[in-house]
Amino acid sequence: MKNLGTANHKDHKENAHKVHNTANSVRICSAFSVVKKNAVIFLAFSLSFLNSYGADSLKVKTFLWEQERSKTDSLRGVFSTNNRIPSKFELPIFIALSHFPELNSKLIHFEFRNIKTTMACRPRNSTIFKKERHYTIFIDTDADGQGILLDSIPFNAQIGIIAHELCHILDYESKTGNQIIGTGLAYFNKNKRADFEKTIDDLTINKGLGHQLLAWSDFALNKSTASSAYKAYKRKTYLTPEEISEKIKK
Ligand SMILES: [Zn+2]
């Protein structure tokens with residue numbers, strides 16, 4: 001009896017162990033299936049917005065805030081996990097970002113700062129020579145009567161200038177650390193700076209956001225309250241509305 005009792009006890013323990021293991025497996029399996037389910041949902045969602053913003057993006061001439069705002073929550077789930085995005089401009093940033101699936105894994109922080117231009121993009125200094133760079137896109141906080149604040153720009157044009165900044169990241173990503181330093185130094189030369197900025201504008205058009213870039217350029221040069229000196233600088237340094245229109249037609 002003693003032995004039987006021990007055997008029973010052992011069996012009971014083994015069974016309990018099995019039940020415990022099975023429970024764990026079930027728990028692990030269900031956790032795994034939740035992860036898998038989430039991954040499938042994420043993938044399906046990603047594909048659906050890539051379809052809505054990627055393939056059809058060439059057809060979108062004007063994004064309207066009223067039409068896009070219902071997508072804000074779902075886009076936030078995709079783009080606000082890695083990136084730091086100010087709520088004030090999250091919708092135009094999300095729409096611009098959705099055209100850049102190659103930047104999905106990049107860490108991009110949008111920051112308000114008093115700078116000399118509407119927006120600017122830099123790799124974080126400590127990561128320039130690293131394989132995984134982090135990027136900061138600055139949003140000007142003080143137009144000092146000369147420039148143009150992001151706040152004052154129409155929605156469609158906001159997407160255009162944000163896309164231009166994201167194209168700077170594509171350019172940085174194609175370069176080594178030394179080449180980035182070289183680009184920074186070349187920026188002091190006005191002619192080289194203009195060549196560089198026009199290349200970035202070309203890239204923005206190629207990403208399917210030419211109409212948005214045109215809206216931004218047209219607003220900056222023809223409709224904004226920026227100083228004539230600032231407008232002259234912009235006309236010389238970036239593609240003009242006329243040049244962008246020509247390129248979009250092709
Ligand atoms: Zn630029």
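The values are calculated or read from the model by the stated rules, or taken from the named source; none is laboratory data. Given the structure is predicted, the values throughout are model-derived calculations rather than measurements. Don't worry about glycine lacking a Cβ; one is built from the backbone with ideal geometry, like all the others, and counts go over all protein chains shown.
The figures follow:
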| quantity | calculated |
| --- | --- |
| Region 112-122, residues that are under 18 Å from Ile148 (Cβ atoms) and out of contact with any His (no Cβ under 6 Å at 6 or more places or on another chain) | Phe112, Arg113, Asn114, Ile115, Lys116, Thr117, Thr118, Met119, Ala120 |
| Qualifying residue in region 215-228 (condition: buried (at least 20 other Cβ atoms within 10 Å of the Cβ) and farther than 18 Å from Leu149 by Cβ) | no |
| Residues of region 230-250 that turn out to be loosely packed, with under 14 Cβ neighbours inside 10 Å and under 19 Å from Lys116 (Cα atoms), as a count | 2 |
| Residue list for region 182-207, restricted to those being farther than 13 Å from Ser245 by Cα, touching a residue at least 40 places away in the same chain (Cβ under 8 Å) and away from the ligand (no atom under 11 Å from the Cβ) | Lys190, Lys207 |
| Qualifying residue in region 107-115 (condition: on the phi < 0 side of the Ramachandran plot, at pLDDT below 95 and within 14 Å of the ligand (Cβ to nearest atom)) | yes |
| Tally of residues being out of contact with any His (no Cβ under 7 Å at 6 or more places or on another chain), part of a helix (DSSP H, G or I), in contact (Cβ under 8 Å) with a residue 12 or more places away in the chain and not charged (D, E, K, R) across region 208-240 | 14 |
| When residues of region 69-92 are limited to those that are in contact with a Leu (Cβ under 9 Å, 6 or more places away or on another chain) and within 19 Å of Ser152 (Cβ to Cβ), the one surrounded by the fewest Cβ atoms within 10 Å (Cβ to Cβ) | Lys88 |
| Lone unmet requirement of (1) away from the ligand (no atom under 15 Å from the Cβ); (2) in contact with a helix residue (DSSP H, G or I) (Cβ under 8 Å, 6 or more places away or on another chain); (3) in a helix (DSSP H, G or I) for Gln179 | (2) |
| Contacts under 7 angstrom Cβ, first residue in region 68-91 being closer than 18 Å to Ile161 by Cβ, partner loosely packed, with under 12 Cβ neighbours inside 10 Å, 6 or more apart | Leu91/Arg69 |
| Every pair of residues 6+ apart whose Cβ atoms lie under 7 Å, when the first sits in region 102-117 and is within 20 Å of Ser227 (Cβ to Cβ) while the second is in a strand (DSSP E or B) | Asn114/Asp140; Ile115/Phe138; Ile115/Asp140; Thr117/Asp140 |
| Among the candidates Ile139, Ile161, residue that is closer than 25 Å to Ser98 by Cα, in contact with a helix residue (DSSP H, G or I) (Cβ under 9 Å, 6 or more places away or on another chain) and not in a helix (DSSP H, G or I) | Ile139 |
| Residue in region 120-127 that is within 14 Å of the ligand (Cβ to nearest atom), part of a loop (DSSP other than H, G, I, E, B) and either surrounded by fewer than 21 Cβ atoms within 10 Å (Cβ to Cβ) or assigned by TED's automatic domain parsing to the domain that holds Asp73 (or both) present | no |
